[in-house]
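Peer 1: Would you mind keeping the following structure in view while I ask a few things?
The values are calculated or read from the model by the stated rules, or taken from the named source; none is laboratory data. Note that the structure is predicted; figures quoted are calculated from it, not measured. Cβ coordinates were reconstructed from backbone atoms using ideal geometry, including for glycine residues, and neighbour counts include every protein chain displayed.
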Amino acid sequence: EVQFIELSWPHLQFVIEFLLRFVVSEEVAADQANEYIDETFITKLLGLFDSQDERERDGAKAILYSIYGKFVSHRAFIRRSINDIFYQYILYSGVHNGVCELLEIIGAIVAGLAVPIKE
């Protein structure tokens, strides 16, 4: 398997690390950051999961998981958006580079559920 290497990775790495530190920072309250981290931002972040560079997808995964944990108001939107990506993958394209990473996120979400799923 040939690994794709994004030439602009040093710049992307800086942006991904900065954003991850911003999201996990205790100095940034979720209600203050909601102005910047909204549904449009999350949709664009989910678009990064289709990158050919695995490092970029891993960075997006860390950021999305941190957003899911901190921004409770966006949880339903994130789950619906990931489901939409899966539906698109299954029904239409059959090609998406980030399916494994998205499945990992959904697995972590399901594992963290406090209320059992109804049968």
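Peer 1: Quick one: which of 16, 67 is in contact with a Leu (Cβ under 8 Å, 6 or more places away or on another chain) and not aromatic (Phe, Trp, Tyr)?
Peer 2: On the way: 16 fails: in contact with a Leu (Cβ under 8 Å, 6 or more places away or on another chain).
Of the residues listed, the single one that is in contact with a Leu (Cβ under 8 Å, 6 or more places away or on another chain) and not aromatic (Phe, Trp, Tyr) is 67.
Peer 1: Next up: Can you tell me how many residues in segment 30-64 are hydroxyl-bearing (Ser, Thr, Tyr), at pLDDT below 95 and either in a helix (DSSP H, G or I) or farther than 14 Å from residue 101 by Cα (or both)? Lay out the reasoning, then the answer.
Peer 2: Taking segment 30-64 as the starting set, the residues that turn out to be hydroxyl-bearing (Ser, Thr, Tyr) are 36, 40, 43, 51.
Narrowing further to those that are at pLDDT below 95: 36, 51.
Then drop every residue that is not either in a helix (DSSP H, G or I) or farther than 14 Å from residue 101 by Cα (or both), which leaves 36.
Summing the residues that are hydroxyl-bearing (Ser, Thr, Tyr), at pLDDT below 95 and either in a helix (DSSP H, G or I) or farther than 14 Å from residue 101 by Cα (or both) in segment 30-64 gives 1.
Peer 1: I'd like the full set of residues that are crowded, with 16+ Cβ neighbours inside 10 Å, part of a helix (DSSP H, G or I) and either hydrophobic (A, V, I, L, M, F, W, C) or on the phi > 0 side of the Ramachandran plot (or both), limited to segment 65-98.
Peer 2: Of everything in segment 65-98, those that are crowded, with 16+ Cβ neighbours inside 10 Å, part of a helix (DSSP H, G or I) and either hydrophobic (A, V, I, L, M, F, W, C) or on the phi > 0 side of the Ramachandran plot (or both) turn out to be 67, 78, 82, 85.
Peer 1: Right, another one. Filter segment 17-63 down to the residues that are small (Gly, Ala, Ser) and under 16 Å from residue 105 (Cα atoms), then identify the one that is surrounded by the most Cβ atoms within 10 Å (Cβ to Cβ). Please lay out each step first, then the result.
Peer 2: Within segment 17-63, the first condition is being small (Gly, Ala, Ser), and the residues that meet it are 25, 29-30, 33, 47, 51, 59-60, 62.
Restricting the remaining residues to those that are under 16 Å from residue 105 (Cα atoms) gives 47, 59-60, 62.
Working: 47: 12, 59: 22, 60: 24, 62: 18.
Looking at the filtered set, the residue picked out is 60.
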